[in-house]
1. In whole Hz and in residue order, list the ³J(HN,Hα) couplings for the stretch 118-127 that follow from phi through the Karplus curve 6.51 cos²θ - 1.76 cosθ + 1.60, θ = phi - 60°; x for Gly and Pro.
2. Net charge around Phe51, counting only other residues with Cβ within less than 11 Å of its Cβ (Lys, Arg = +1; Asp, Glu = -1)?
3. Running a GNM on the chain with Cα contacts under 10 Å, which residue among Phe117, Phe51, Phe31 ends up with the highest mean-square fluctuation?
4. When Lys and Arg each count +1 and Asp and Glu each count -1, what net charge do the other residues less than 12 Å away from Asn72, Cβ to Cβ, add up to?
5. Taking one equal scatterer on every alpha-carbon of the stretch 129-197, how large is log10 of I(q)/I(0) by Debye at q = 0.11 1/Å?
6. How far is helix 20-35 tilted, in degrees, relative to the longest principal axis of the Cα atoms in the chain, given as a value from 0 to 90 rounded to the nearest 10?
7. Taking amide H atoms as placed 1.01 Å from N in the peptide plane, list the residues 5 or more away in sequence, or in a different chain, whose amide H sits under 5 Å from that of Leu168.
8. Between 0 and 90 degrees, rounded to the nearest ten: what's the tilt of helix 61-71 against the longest Cα principal axis of the chain?
Amino acid sequence: MGQKTNNHIARGEYGRHELYINYVCKPIIYFLHLQCMDNSRLPKLCYRMMFKMNEHGRINWCSKVQRQLFSNEFGVVWENQGVGDTKLFMNLFKQRLKDINLQTWSDYIGNSSKCAFYSKVKDYVCINENIQKLSYNLRYEFLSIICSNHKLALKKGRHENQPRENRLCKICNTNEIEDEFNVVLVCPILADIRRNILPK
Ligand SMILES: [Zn+2]
């Protein structure tokens, strides 16, 4: 995948969620760990002190934990200051973050003009097993098309502020816009190449 590939598309192809999910989970795990700690332990005493300060409007580590729990609809965990099963809760919490992340990703892919073609071929953050089965060269070319990492007139014209309707295919006379759809399925000049690659 090229270096200039859109971040959202790259994440979609590699099946990766944003790293902030791990970053958000760690303090929550520590918060739950603190709740099980003996009241005489120094970290617990510090926590109680910060908890009281937070109640009086001082922004500190507790405020951030509280905000994360409430913003992800787990405010009850803050109010109860703990959960029964930490492992089960953390699985739920992480899944909630992934779901929100996927929703944000889908909204971006669906609304961005740069991802217009990608949104038609992919709707989930995951590795496509079928693409992995292709040879390296074919996989590279295929991903270049899917990920808009190409030099077709549609993309080149965008950088040159050319009106979309003028970004036509230069190798045939069909007056079609030279976009991914045109290369993969329409342009008659590429019919021979297409016949050798695409399944019947
Ligand atoms: Zn053409």
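Quick note: the coordinates plus some simple rules give every number you see, no bench work behind them. The structure displayed is predicted, hence computed values, not measured ones. Positions of Cβ are backbone-derived with ideal geometry, glycine not excepted, and every protein chain shown enters the neighbour counts.
1. 4, 5, 7, 10, 9, 10, 8, 7, 6, 7
2. Taking every other residue near Phe51 into account, the sum is +3.
3. Between Phe117, Phe51, Phe31, it is Phe51 that shows the largest mean-square fluctuation.
4. +2
5. Log10 I(q)/I(0), no solvent term: -0.30.
6. 20
7. Amide H neighbours of Leu168: Glu178.
8. The two axes meet at around 60 degrees.
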